[in-house]
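The values are calculated or read from the model by the stated rules, or taken from the named source; none is laboratory data. Computed from a prediction, not measured in an experiment: that's the story for all the values here. Quick reminder, even Gly has a Cβ in these numbers, built from the backbone with ideal geometry, and neighbours come from all protein chains shown. The area values use the complete protein model at the heavy-atom level, side chains included, leaving out ligands, DNA and RNA. Shrake-Rupley method; radii C 1.70, N 1.55, O 1.52, S 1.80 Å.
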Amino acid sequence: QVQLVESGGGLVQAGDSLRLSCAASGRTFRGYAMGWFRRAPGKEREFVCAISGSGGSTYYADSVKGRFTISRDSAKNTVFLQMNSLKPEDTAVYYCAANLGPIATLAERYDYWGQGTQVTVSS
């Protein structure tokens, strides 16, 4: 069992930056691929980015490529999402998720989910 707790969300203006954190507890964190997803009001949940268990591979949705960076600190059992140049369309609840398998973009591949943290970007 893995427990995930997100933090770092908030209200910012367009162009600002935020860093989200996802603290993991429970089973060995190092072996899990980690992903960030988001759900905007009235929209389906969508993939944002993911990082492999080793941290050596990352993958980003086209909508955030070049603006967002995912990283992990296995010593602290934490994964981060650095979000720069935020846009109003980035407004959503952001969720982190853990997947014992390889890096993945499909939500169905993830076994554990956090409760989410709200990010609101004003224009």
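When you scan the range 92-108, how many residues do you find that are at pLDDT 95 or above, within 20 Å of Gly26 (Cα to Cα) and outside any strand (DSSP E or B)?
Matching residues across the range 92-108 total 0.
Would it be correct to say that Ser25 is over 13 Å from the mean Cα position of the chain (by Cα), at pLDDT below 95 and either more than 24 Å from Gly10 (Cβ to Cβ) or of a type outside the set (S, T, N, Q) (or both)?
Against the criterion (over 13 Å from the mean Cα position of the chain (by Cα), at pLDDT below 95 and either more than 24 Å from Gly10 (Cβ to Cβ) or of a type outside the set (S, T, N, Q) (or both)), Ser25 does not qualify.
Run Asp73 past the list (1) farther than 15 Å from Gly56 by Cα; (2) over 12 Å from the mean Cα position of the chain (by Cα) and report the number of the one that doesn't hold.
Unmet for Asp73, out of (1) farther than 15 Å from Gly56 by Cα; (2) over 12 Å from the mean Cα position of the chain (by Cα): (1).
What number goes with the only condition from (1) open to solvent by less than 20 Å² (accessible area, probe 1.4 Å); (2) aliphatic (A, V, I, L, M); (3) at pLDDT 95 or above that Leu11 does not pass?
(1)
Could you count how many residues in the range 91-123 are more than 15 Å from Arg45 (Cα to Cα) and open to solvent by 50 Å² or more (accessible area, probe 1.4 Å)?
5
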